[in-house]
């Protein structure tokens, strides 16, 4: 992406040190301000500042839209959170409209598969063998990009922001990859009909749904897992139990790696789930290849002849296990609070889980209500993932998605949606995203968005950062810097503000000055944090 050379030195200076700058303390209420008694325990209970609102939006949404933080201060942070916890009651016409350009990726499995086969067959009938291969690969790439955009476009546009944050969390917790076989025909359904509808519901229901979804069964090979009965067709073909899903179910989805289970437990879980398979893109239980013998998992007996129901019982057991509660709540606190989450946050989360039998919405509310969530040491202490940087920046300037440009951008930034390289999904920690190459790619993104030339984004910068309209240039510059300050969680540091003020004064053309200032803000250490 070609950018004005004059922008590069300052942007590089700010972006390259993003991983070196210590978190800035949140700005509190003015000294000496009279407070009601008793003093609120957290800003959710009253007395919230703009910095408090920005912090809440930074963690429980994909970032504030223009003017949103000030609006939350007026209406109350608690009111916003309570509303977000009931997404079905929120009119999300914007989120729905954002999906319209990518409707093809949301079609049922059979239509997607048929369309791919028909295109390849048409090319073969025309005698273009090489063309058919190219057409098939092109169609596969287009489907992949559109499927990725069904997630990204919602993240940018949806009014149900907490739901989208949690959908992204579960997309990584229950990771599948578009590169694995027919998962590319199943992934959009997995996200749209399994993860998103249950993202704030009961964990047990979510676990049961993911275990039965064809995308998961294909990705982790359980669709091919069968009881190897002597003389059966699967046995003659060398097929038998596949432990992939059983292992990830215990290690990633529920108990965690240090829960004390053994390899024998993993094998027993695989036996219990044998026969949980896929036919024509839908879940099916194949009783004839299910292991009907007795099993034992972590001391719990599963009598012979349990059939499909013993799988249901196994998932219930895992969903309610103390190790699962601790593991999943810790993961949630890593996402919403800190890479090394405070014990108080985890305690609040696990307490809410036990009190509500795994109600995810209640757990999130408990995390946000805990005083530790609002501590200065927690604010601005997390490095944004590439996805969070992109979506929060587009939202900050009121941008909208166009085409598949942002999906392609996510590949360059190292976090292509629904293409995590392992079942662990993408990490949500600073260590995963801090690199010189990553900083340069983020800088390039900031320059493109600030100049209004980023493929895949429509943005009206004149609305977010108006050019001078009669006021003196120094006054316009000060107003522009103040607006940029409001976009940053915790505000700009003195150092970054000084860099922006220096560079915004150099160009003679206000438009170029605005581009420089906005690029520096988006590439700054402060914006890279949340």
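The values are calculated or read from the model by the stated rules, or taken from the named source; none is laboratory data. Just so it is clear, the structure is predicted and the values come from calculations on it, not from any experiment. Reconstructed Cβ throughout: ideal geometry from the backbone, glycine too, with neighbour counts over all protein chains shown.
Figures for the structure shown
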item: Qualifying residue in region 307-322 (condition: over 21 Å from residue 174 (Cα atoms), touching a residue at least 12 places away in the same chain (Cβ under 8 Å) and either in contact with a strand residue (DSSP E or B) (Cβ under 6 Å, 6 or more places away or on another chain) or buried (at least 17 other Cβ atoms within 10 Å of the Cβ) (or both)); result: yes
item: Number of the condition not met by residue 437 [criteria: (1) under 23 Å from residue 405 (Cα atoms); (2) free of Cβ contacts under 8 Å to residues at least 40 places away in the same chain; (3) in contact with a helix residue (DSSP H, G or I) (Cβ under 8 Å, 6 or more places away or on another chain)]; result: (3)
item: Residue 168 being part of a helix (DSSP H, G or I) and without any contact (Cβ under 8 Å) to a residue 40 or more places away in the chain; result: no
item: Residues of region 171-199 classified as touching a helix residue (DSSP H, G or I) at 6+ places or on another chain (Cβ under 7 Å), part of a loop (DSSP other than H, G, I, E, B) and in contact (Cβ under 8 Å) with a residue 60 or more places away in the chain, total; result: 6
item: Residue tally, condition in contact with a helix residue (DSSP H, G or I) (Cβ under 6 Å, 6 or more places away or on another chain), farther than 24 Å from residue 185 by Cβ and free of Cβ contacts under 8 Å to residues at least 60 places away in the same chain, over region 239-260; result: 5
item: Condition check for residue 346: under 24 Å from residue 430 (Cβ atoms), crowded, with 16+ Cβ neighbours inside 10 Å and free of Cβ contacts under 8 Å to residues at least 40 places away in the same chain; result: yes
item: Sole residue being in contact (Cβ under 8 Å) with a residue 40 or more places away in the chain, farther than 12 Å from residue 368 by Cα and touching a strand residue (DSSP E or B) at 6+ places or on another chain (Cβ under 7 Å), chosen from 98, 105, 69; result: 98
item: Residue within region 508-524 that is under 25 Å from the mean Cα position of the chain (by Cα), in a loop (DSSP other than H, G, I, E, B) and under 18 Å from residue 389 (Cβ atoms) present; result: yes
item: Hey, residue 161 more than 18 Å from residue 418 (Cβ to Cβ), in contact with a helix residue (DSSP H, G or I) (Cβ under 8 Å, 6 or more places away or on another chain) and surrounded by 22 or more Cβ atoms within 10 Å (Cβ to Cβ) or not; result: yes
item: Elements of type strands (runs of 3 or more DSSP E) contained in region 240-303, each with 1 or more residues being in contact with a strand residue (DSSP E or B) (Cβ under 9 Å, 6 or more places away or on another chain), modelled with pLDDT of 95 or more and more than 20 Å from residue 319 (Cα to Cα); result: 276-279, 282-285
item: Test: residue 344 is modelled with pLDDT of 95 or more, on the phi < 0 side of the Ramachandran plot and touching a strand residue (DSSP E or B) at 6+ places or on another chain (Cβ under 9 Å); result: no
item: So residue 202, is it free of Cβ contacts under 8 Å to residues at least 12 places away in the same chain and either farther than 30 Å from residue 96 by Cα or touching a helix residue (DSSP H, G or I) at 6+ places or on another chain (Cβ under 9 Å) (or both); result: no
item: Of residues in region 304-324 being part of a loop (DSSP other than H, G, I, E, B) and within 32 Å of the chain's Cα centre (by Cα), the one farthest from residue 266 (Cα to Cα); result: 320
item: Some residue of region 433-442 being under 24 Å from residue 517 (Cα atoms) and in contact with a strand residue (DSSP E or B) (Cβ under 9 Å, 6 or more places away or on another chain); result: yes
item: In region 359-373, residue nearest to the chain's Cα centre (by Cα) [restricted to those that are crowded, with 20+ Cβ neighbours inside 10 Å and more than 19 Å from residue 164 (Cα to Cα)]; result: 373
item: Selected residue (criterion: farthest from the chain's Cα centre (by Cα)) from residues of region 180-202 that are within 14 Å of residue 84 (Cα to Cα) and crowded, with 23+ Cβ neighbours inside 10 Å; result: 200
item: Meets criteria (in contact with a helix residue (DSSP H, G or I) (Cβ under 8 Å, 6 or more places away or on another chain), part of a helix (DSSP H, G or I) and at pLDDT 95 or above) for residue 338; result: no
item: The one condition in (1) touching a helix residue (DSSP H, G or I) at 6+ places or on another chain (Cβ under 9 Å); (2) more than 30 Å from residue 407 (Cβ to Cβ); (3) in contact (Cβ under 8 Å) with a residue 12 or more places away in the chain that residue 456 fails to fulfil; result: (2)
